[in-house]
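Okay, so here's the structure we're looking at.
Values in this text are rule-based calculations from the coordinates and carry no lab data. Quick caveat, the model's predicted, so the values are computed rather than measured. Using ideal geometry, Cβ is built from the backbone for each residue, glycine included, and neighbour counts are taken over all protein chains shown.
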Amino acid sequence: MQLTTMLGACAAAALALLTGTSLAQGNSAAWPQKPVRFIVPFPAGSGTDVMVRVLGAKLTEKWGQAVVVDNRPGASGAIGMQALLNSPTDGYTFAFAQGSAISVAPSTIKSANYEYSRDFAPVGLVATSPFLISVAGDAPYKTLDDLVRAARAKPQSVEIADNGRATLPHLAAALLGSSAGVEFLHVHYQGGAQAMQATFAGETKAQIEPLMTIFGMVQSGRMRVLASMSDRVEPGLENYPLVSKTFPGVSGQGWFAVLAKKGVDPEILQKANTDLNEALARPDVIAKYREFAAYPRPGTPADLSRYVAEDLKKWSAVIERLGIKPE
């Protein structure tokens, strides 16, 4: 090959490389250029659905492109997460995932054949919703210690209501029992409202649920909160002692996060994270989330992965100890 021909070929290759790089950078920098879909693994009108729509409105303003909410309820979130796995990796489909769909469902539901680290890419943690341990307003238990001492004195005499077997409230109650060295009697209901009514009526002695479920009853004095299972003190919950202060490492809370399918351009994920955090810092978003007993928790994609790893480790151990198998 003549020198001029060889130089020409090298120049063409270099130009192609530079052009390709510029186009790639241009694509991520210009994102989004069309509507962005958020898969929500829960029904329209649910608390989770409202939360993503509040967030979506802010992102629509930021991006100049519509955020389209795609509700895919069923199988404790597994149907929605599977829909994300079936989507393209072009950066225009995300999931607004609830923690139980990631940390619990793969160990308890046969159809949830996905794994966080293998299948998903983190965008960011959105918010947490701490579980509270509550009793009827006229119950004899004034503190968490009262409840634990009663269970210790007579194993399985203290019934704790939850919103279903293998749900996070059930697992949180089991974690508390094992850490306190007591045997609670776990009573499963079809939802948090039914569990609350059972506790208020005296059919069960305590309940574990987020504040949103029991807020009205607590405000009226018909139910009393003994302790918070949050991993930190949140605004408005300062009067409720943390369970972890008495039983280190014992915490339980629902959480919400934005995830993508693995393979999406990292630059798009980083831009989405930056814009997500900006929206979560807005006072009107914080106030609206408080109405659902949720607390924004912005951070990096790496922060989310660390959070998920700890959550998976904690609940997997409880599920194994209880002998729960996928159904």
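So the values come out like this:
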read-out: Segment ALA302-ALA66, length gained on full extension (0.36 nm per residue, minus Cα span); value: 82.3 nm
read-out: FRET efficiency, GLN194 to ASP145 (Cβ-Cβ, R0 30 Å, nearest 0.05); value: 0.60
read-out: Segment LYS154-LYS313, extension gain: residue separation times 0.36 nm, minus the distance between their alpha carbons; value: 54.2 nm
read-out: Charged-residue dipole, Cβ positions (Lys, Arg, Asp, Glu), the chain about Cα centre, Debye nearest 20; value: 180
read-out: Mean Cα-pair separation over length for the chain, i.e. relative contact order, pairs under 8 Å, 6 or more apart, %; value: 24
read-out: CD proxy at 222 nm, helix term only [per DSSP H run n ≥ 4: -39500 (n - 2.57); per residue of the chain; nearest 500]; value: -14500 deg cm²/dmol
read-out: Angle in degrees between helix 301-322 and the longest Cα principal axis of the chain, rounded to the nearest 10; value: 40
read-out: Percent RCO, i.e. relative contact order, over the stretch 219-313, from Cα pairs under 8 Å lying at least 6 residues apart; value: 17
read-out: For the stretch 130-246, share of DSSP beta bridges that run antiparallel, in % to the nearest 5; value: 55
read-out: Cross-link partners of LYS288 among aspartates and glutamates (Cα-Cα below 16 Å; sequence separation of 8 or more within a chain); value: ASP49, GLU234, GLU278
read-out: Unit Cα scatterers, Debye sum, the chain: log10 I(q)/I(0) for q = 0.10 Å⁻¹; value: -0.61
read-out: Segment GLU183-LEU85, extension gain: residue separation times 0.36 nm, minus the distance between their alpha carbons; value: 31.3 nm
read-out: Calculated FRET value between PHE215 and ALA44, using beta carbons and R₀ = 30 Å, to 0.05; value: 0.85
read-out: Selected from ASN71, ASN273, ASN239 as most flexible by GNM, with the chain as the system and alpha-carbon contacts under 10 Å; value: ASN239
read-out: Antiparallel DSSP beta bridges within the chain, percent to nearest 5; value: 60
read-out: Check: the stretch 130-246 dipole with +1 on Lys, Arg Cβ and -1 on Asp, Glu Cβ, in debye; value: 180
read-out: Across LYS58/LYS262; LYS271/LYS314; LYS154/LYS205; LYS205/LYS245; LYS262/LYS325; LYS58/LYS271, pairs whose alpha-carbon gap is larger than 19 Å; value: LYS58/LYS262; LYS271/LYS314; LYS205/LYS245; LYS262/LYS325
read-out: Cut-off 16 Å (backbone N to label point 7 Å along Cα→Cβ of GLU203), residues of the stretch 156-180; value: 159-165
read-out: For ASP70, residues with placed amide H under 5 Å, excluding near neighbours; value: PHE38, ILE39, VAL40
